[in-house]
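What follows is a set of notes on a single structure, which appears directly below.
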Amino acid sequence: MALQFDPGKAVTAIGALGTAAFGLVDATKQVTQVNHVGFKRIAGTVKSLTPPSTIPNGMSQRQIVATLESNWVNGTELGNQKAIAKSLIKLNLSPANAQQVAQTTGLDPAALQNVADKMAANTPLTGNEPDVLSRFDFVVTALLDETYQCADQMYRNTTRMLAMFIAILLGVFAAIAISNNQDLRGDVVIGLIVGLLATPLAPIAKDLSSALVTAIGAVQSVKKKS
């Protein structure tokens with residue numbers, strides 16, 4: 001007796017495998033340390049904007065990096081992470097490190113030094129100094145946005161690859177488990193294909209399944225009328 005292939009159920013099942021694979025990746029974050037992926041790039045940018053000085057202003061570089069790493073590892077919303085990072089970087093700006101920060105941000109060292117001196121002395125900014133501070137804020141925002149977006153992309157790509165690897169293993173294992181050994185190679189190939197499709201289909205499985213069922217129903221309806 002021939003088995004009927006149901007595209008909708010197949011897509012749903014494959015998507016469920018992908019969802020399960022992502023769940024396993026999430027459950028093993030503490031073991032695989034995958035939640036740290038991408039932070040090295042963030043740390044590099046933040047360190048360049050918070051050079052250590054003998055008289056730190058606010059939190060030290062080590063404390064800033066540790067705080068941001070904690071937010072990254074625990075999955076704090078990306079916009080909040082960038083806002084916290086920018087605030088800590090601006091707080092760290094001091095007369096002792098203004099020259100180095102100016103080199104990183106491409107601003108005029110003397111102008112940023114004047115701004116840092118006045119901020120440290122609680123003196124109002126005058127002339128073009130507010131504009132210098134605004135440009136510093138804009139550059140820091142742009143650098144952090146680029147860094148966090150790239151780091152987040154790196155993290156997401158890594159989790160997808162791990163989930164795909166897990167889905168392939170599960171798919172092949174399941175294929176071997178249900179195989180009647182008459183066509184083991186073919187069953188393994190099917191399991192491999194299912195594993196490869198699982199993670200891309202996981203986010204859209206429900207919608208794609210519904211679309212397939214609707215399309216099949218529409219075609220059948222037209223065939224009946226003809």
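Restricting attention to the range 95-133, report how many residues are free of Cβ contacts under 8 Å to residues at least 12 places away in the same chain and closer than 20 Å to Thr45 by Cβ.
Here the count works out to 3.
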Qualifying positions in the range 44-75 - surrounded by 15 or more Cβ atoms within 10 Å (Cβ to Cβ) and more than 21 Å from Ala96 (Cβ to Cβ): Leu68, Glu69, Asn71, Trp72
Name the residue that is farthest from the chain's Cα centre (by Cα), counting only residues in the range 100-117 that are of a type in the set (A, V, I, L, M, F, W, C) and farther than 14 Å from Asn128 by Cβ. Ala116
Applying the selection to the range 159-191, what residues are surrounded by fewer than 16 Cβ atoms within 10 Å (Cβ to Cβ) and under 28 Å from the mean Cα position of the chain (by Cα)? Met161, Phe165, Leu169
Quick check: anything in the range 84-91 surrounded by fewer than 15 Cβ atoms within 10 Å (Cβ to Cβ) and in contact with a Leu (Cβ under 9 Å, 6 or more places away or on another chain)? no
Picking from Asp117, Asp152, Asp145, the residue that is surrounded by fewer than 20 Cβ atoms within 10 Å (Cβ to Cβ), more than 30 Å from Val34 (Cα to Cα) and either at pLDDT 90 or above or basic (Lys, Arg) (or both) would be Asp117
Report, by residue number, each residue of the range 1-42 that is modelled with pLDDT under 80, within 30 Å of Asn71 (Cβ to Cβ) and aliphatic (A, V, I, L, M). Val31
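The values are calculated or read from the model by the stated rules, or taken from the named source; none is laboratory data. Just so it is clear, the structure is predicted and the values come from calculations on it, not from any experiment. Glycine also receives a Cβ, built like all others from the backbone with ideal geometry; neighbour counts cover every protein chain displayed.
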